[in-house]
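Worksheet for the structure shown next.
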Amino acid sequence: MARIETGLAAGLEPPAGDAPRPVASLRRHFATISWLRWRIFVNSLRGKGAKGELVAKIVSYPILAVMVLGPAIGSGIGSYYLVDKGEVSLLSIPLWIIFVLWQFIGVNTSSTGPSFDLSSLIRFPIRYRDYFLIRLSFGLMDPPTLAGIACLISMSLGIAIAAPGLFPWAAMALFVYAVCNVLFSRMIYSWMERWLAQRRTRELFTGIILAVSLGAQFLAQYAQRLSHSGNHAPTNPWLEKAGNALVAINWLLPPGLTASSIDHFHSGDMLIAVASLGGLLLFTLTFLVILHLRLHAQFRGEDLSEAPAPAKAKAAAIKTVSQAPAAAAVSFSFLPATVAGCLIKEIRYLLRSGPKLYVLIMPVFVVFLFSVRSSGMNLTGISHHSVNGLLFSYGCAYTQLIFVALIYNSLGGDGAGVQFYFMAPLRMRDVMLGKNLLTIGIFAIEVILIYIASAIISTPAPFDLAVATLAWSLFTLFLNMSIGNIRSIVSPKALDPAKVRSQNVSGLNSLISLGLVAGSVILGILMSMLCSYLQMGYWVAAAAFAALTALSFVLYITVLGQVDGIASRNAESLTRELSKT
Amino acid sequence: MRSCRLPIAEFSSILIAAMTVAISTSGLTRRFGDFVAVQNVNLNVAAGQFYGFLGPNGAGKSTTIKMLTGLLAPTAGSIQVLGLDFATHALEVKRQIGVVPEGMALFGRLTASEYLRFVGQMYGLDHATTLQRSEELLEFMNLAQETKKLVTDFSHGMQKKLALAAAVIHGPKILFLDEPFEGVDAVAAGTLKQMLQGMIARGATIFLTSHVLEIVERLCTHVAIINHGELIADGSLEELRAGVHTQSDSDDPHARLTLEEIFIRVIGKEDGAAALSPEQELSWLG
């Protein structure tokens, strides 16, 4: 009553129904956000080429299911085996694998649909508790989390079958472990958002993640090589020390604590079982508190990620324009001006995109990985020499696989700038040619580096095999560029050049490109088998692929000639899609 | 007192330009499915005019400008730019025009000077000319000190200035500007206006859309108003004033309608009795 009286005293007649509205319930918020996400998904199917995208999504679900179910079945069987054999403490191994999959697999996953930034919810009258729960809950259906939860359920089942009495405790410990992982990933990503909001920090951070990822792979392979350095050789002392230290640390971290809790419960040592579970809960609580600190700061509108970079002293920045980087001096004067201009622009973009550069150093790195990995292949009966002889071919095949991302969405990095191509007096074929020339140039450099790397690590690839591989690569490259140029115009997606995770990609483009590369690889294998059967070396394959290269080149030129017409017909959808912010 | 006299050569070039039609459209129409965004628009913009193209949100301004600059194909009708049919002479027309489109169409991962060099090269300028012009433009736009900053890190106003610099680097005869002053501070707006007026003085034609009617009134010599995709008014400011003149205006000898008043009268008349009575007007608010 007092409130109304005050209002009347102030001369403010409250309109009908002006009673203070209660803040919407959590259930209502969840329902609204679920509806919103559903509508975003449905509306994403309304645009041009949406039917193809839907088909691609439907086709990709079984693949995703296999990706989720495969590790899950493996975890279940592994857990059953370990518990059945009494090696319960070794459950920490699958738990570590699940942890790594859960936390890091997301870095390389792309989103095939538009997303909704949950942090934007703070502008609505929403309670912090609800905001926190919403931030925590949405995203539980992403592939890494689904895979992680499926693996843990499967582990519980494996343990239950091996030792039914252990099931309740194991299920509880694994449940806490699942919560711990969910909170850890949310905590990490919420803090990463804070750093990744600024371009320079984002690129630096991406570089660090990629370097760590590459380094970890290399160390793992190197360690494997050391451990297999001889069937009867003693274990490398460095490895032994490092291994012991890692095992000791393992028992203090969530996967080790979970395994320890289950192990000690199994052996009847309740005190340590409870203490280990308590340790796991402590980690979970710590992650929860750190996540809360970040989300609460966001909720109060104090998102540190929005802070502008400190301004530099103007005096330090003042330089004349002619002091621009040396890259500008490259003119490619032998090319038509528009093609050369596009090529220079593409080179600049490439040099400023960490993720793209990462993609480009990968083939050479993969050659090293293949070589190290092949050291263990003697055990499987595969000749080490025959594997090493194929290093060049492996590297080239891998290059084709990673090139599809560049070729099938070549306009994606231009964003809204793509409008310029339609305003300026130039032909789209020149633009695409500039982009394709860069691809061909990178491919040439990759091939040389892969050849040198494989020659240094092992022996140079036999000449006939090298020629056949090169012919196969060119055939695949021109085929990919022919189709990729069309798909880049017909089904583009705006790319953030500094982003590695969750780039929006066309599902249909991915499916087409992967299908094409897979088909080409199968053709290469068949041709290789034919050559082996006929005992004629690889010259037959080289000749066949040279002929196919000529055909795919003709196709490429034909498609390039059609590019202006295709671009003209798709100008509207192309500029609209790439101008989306 | 400043002299108003122009050199004879400059005067004659302006006179010749004024007699030429820079842009003309005939029955220009654009449909998106069943929705007609622009319908039967007939424009005639004389060379040397500073032409303001106005309309409420969603009236068809950007769609029209996109069609005039080759970003969007018309469903029907024709476009003539400097006497050339856009449909058949697209490349020649594009060489003569400069555009600052709605989204600015910048390449965010280049520096300002790299971007201008790229644009210069695309318009067929030689390297030395591109370099010289880009340096001059960056100096003029007060962007010369930002040598290492990528365009994506520029403020909105800086991006607008750069977009304008890129639109004029090849010395276009016609400049199309879609909301060039949106989100631009007063100092930057002053720089842009100074440049545009300089271009007009040299005989260029400027076709501009803007929601800032004061700027349009101050800069433009001719104004067209589009609503629901149809051209509903076209002429000099005086002609438009005369068109919406009422008896009450005559009663006030000092009355001189502003462009905003003209705009509201023209659009209001077009939209009929759209206004709600006080009882109907969002009575639940406050």
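Quantify how strongly other chains surround peptide A:409-421 by giving the mean number of their Cβ atoms within 10 Å of each of its Cβ atoms.
Mean inter-chain Cβ contacts per residue within 10 Å come to 5.
Report the extension gain between residue B:264 and residue B:40 in nm, rounded to one decimal, defined as 0.36 nm multiplied by the number of residues separating them, less their alpha carbon distance.
Separation in residues times 0.36 nm, less the Cα-Cα distance, equals 78.4 nm.
Looking only at region A:508-531, which residues have a backbone nitrogen under 17 Å from a spot 7 Å from the Cα of residue A:543 in the C-beta direction?
Those under the cut-off are A:527-531.
Given labels modelled 7 Å from the Cα in the Cβ direction, how far is it in nm from residue A:292 to residue B:89?
7.3
Taking each residue of B:110-117 in turn, how many C-beta atoms of other protein chains fall within 10 Å of its C-beta, and what is the average?
Per residue, the average neighbour count from other chains is 5.
Any chance you could get the radius of gyration and Dmax over the Cα atoms of region B:140-249, in Å?
Calculated on Cα positions, Rg and Dmax stand at 16.6, 60 Å.
Can you list the HN-Hα couplings for region A:242-257, worked out from phi with the Karplus curve (6.51, -1.76, 1.60; θ = phi - 60°), rounded to whole Hz and with x for Gly and Pro?
Running phi through 6.51 cos²θ - 1.76 cosθ + 1.60 with θ = phi - 60° gives 4, x, 4, 5, 5, 5, 4, 5, 3, 6, 9, 10, x, x, x, 4 Hz.
What's the ranking of A:420-431, B:80-91 by average number of surrounding C-beta atoms within 10 Å, highest first?
Top to bottom by mean Cβ count within 10 Å: A:420-431, B:80-91.
Quick check on region A:427-496: what are the equivalent-ellipsoid semi-axes from the Cα gyration tensor, as sqrt(5λ), descending, whole Å?
Computed over region A:427-496, the values are 30, 13, 10 Å.
Find how much the distance from residue A:402 to residue A:39 grows on full extension, using 0.36 nm per residue of separation minus their present alpha carbon separation; answer in nm with one decimal.
Between residue A:402 and residue A:39, full extension yields 127.4 nm more.
Under a plain spin-label model, where a point goes 7 Å from the Cα along Cα-to-Cβ, how far apart in nm are residue B:202 and residue B:139?
A separation of 1.5 nm, rounded to one decimal place.
Highest mean first, how do A:63-69, A:549-555 rank when packing is the count of other Cβ atoms within 10 Å averaged over residues?
Listed from highest to lowest mean packing, they are A:549-555, A:63-69.
Pop a pseudo-label 7 angstrom from the Cα along the beta-carbon direction at both residue A:50 and residue B:185 and give the gap in nm to one decimal.
That separation, rounded to one decimal, is 4.3 nm.
Take the eigenvalues of the Cα gyration tensor for region B:148-190, scale each by 5, and report the square roots as semi-axes in whole Å, largest first.
19, 14, 8
Which whole number gives the average, over all residues in A:177-190, of C-beta atoms from other chains lying within 10 Å of the residue C-beta?
Mean inter-chain Cβ contacts per residue within 10 Å come to 0.
Which ordering of B:187, A:247 is given by a fewest-first count of other beta-carbon atoms within 10 Å?
Ascending number of Cβ neighbours within 10 Å: B:187, A:247.
Starting from the Cα gyration tensor of region A:536-581, multiply each eigenvalue by 5, take the square root, and state the resulting semi-axes largest first in whole Å.
38, 13, 4
For region B:59-151, what is the largest minus smallest coordinate of the Cα atoms on each principal axis, given in angstrom and ordered from greatest to least?
Largest first, region B:59-151 extends 46, 30, 21 Å along its Cα principal axes.
Calculate the FRET efficiency for residue A:87 and residue A:167 from the Cβ-Cβ distance with a Förster distance of 25 Å, rounded to the nearest 0.05.
Once the sixth-power term is evaluated, E becomes 0.90.
No lab work stands behind these numbers, since they all come straight from the coordinates. Since the structure is predicted, the reported quantities are computational estimates derived from the model, not experimental observations. Backbone-built Cβ (ideal geometry, glycine too); neighbour counts: all protein chains shown.
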